[in-house]
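Here's the structure, in structure tokens; my notes come after.
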């Protein structure tokens, strides 16, 4: 009986050695070698792994650049320096891109915007929005429960007086805050732009004024006193056309609702 047990252990051990040796040989001769340039490009990236480039992380973006000839200007955190370094390494031409930043298109904080009821649920914007359409009287405005701030990888968003605000000096334009906002209030705009319409309400003027004292009432004064084409109307809502430079800053004072601001 003891011999049978010993023989069994011996056969199992031998079989394990054979399988292990086979796997070692297979790993050596069947392995797919990675292009060493992928690691080099990955080292040039900022290791933010924010996903703003459209890939799962910096390593996947580096692989796409080397293997699939992906555009080298997709890394917002790395900026121009990163793009130029990758261009030099890969031997391709760098194409300059405009630095972008996220902005919350709402200025209706708790001092000027009304709340319809006291929300006592989960501290999450999507949850609040799903509760009777949100507690804010303006159904377009920022709910202020910080979902965008929590997903920001660089802490560029803060909540002040019940509204989200972006620090553009920290923002890396990864778009994570855009994806999480249930009211789609956050947009990417040129970082160089200073004048914005901080409102997203498409309601008519009287309805806007009932909910928020700084909401756009669709008066169109900005289209009259601003640079030609710089302000456009989307129904009752004024918007900035960021492709046109704004030089007439007096438009800020002309806005009766004070939702046009310089940042």
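The values are calculated or read from the model by the stated rules, or taken from the named source; none is laboratory data. Since this is a predicted model, take the numbers as computed values, not measurements. When we count neighbours, we look across all protein chains shown, and the Cβ atoms used for this are built from the backbone with ideal geometry, even at glycine.
For segment 83-99, check the following and say yes or no: at least one residue is crowded, with 16+ Cβ neighbours inside 10 Å, within 20 Å of residue 174 (Cβ to Cβ) and touching a helix residue (DSSP H, G or I) at 6+ places or on another chain (Cβ under 7 Å). Yes, because at least one residue in segment 83-99 is crowded, with 16+ Cβ neighbours inside 10 Å, within 20 Å of residue 174 (Cβ to Cβ) and touching a helix residue (DSSP H, G or I) at 6+ places or on another chain (Cβ under 7 Å). When 142, 152 are checked against the criterion of being touching a residue at least 40 places away in the same chain (Cβ under 8 Å) and touching a helix residue (DSSP H, G or I) at 6+ places or on another chain (Cβ under 9 Å), 142 stands alone in meeting it.
In this structure, residue 216 does not qualify as crowded, with 16+ Cβ neighbours inside 10 Å, outside any loop (DSSP other than H, G, I, E, B) and either in contact (Cβ under 8 Å) with a residue 24 or more places away in the chain or on the phi < 0 side of the Ramachandran plot (or both). Within segment 76-102, the residues that satisfy the criterion of being free of Cβ contacts under 8 Å to residues at least 12 places away in the same chain and assigned to a helix (DSSP H, G or I) are 81, 84, 88. Total residues in segment 18-45 satisfying the condition of being surrounded by fewer than 10 Cβ atoms within 10 Å (Cβ to Cβ) and modelled with pLDDT of 80 or more: the figure is 1. For segment 243-259, the condition of being touching a helix residue (DSSP H, G or I) at 6+ places or on another chain (Cβ under 6 Å) and surrounded by fewer than 19 Cβ atoms within 10 Å (Cβ to Cβ) holds for at least one residue.
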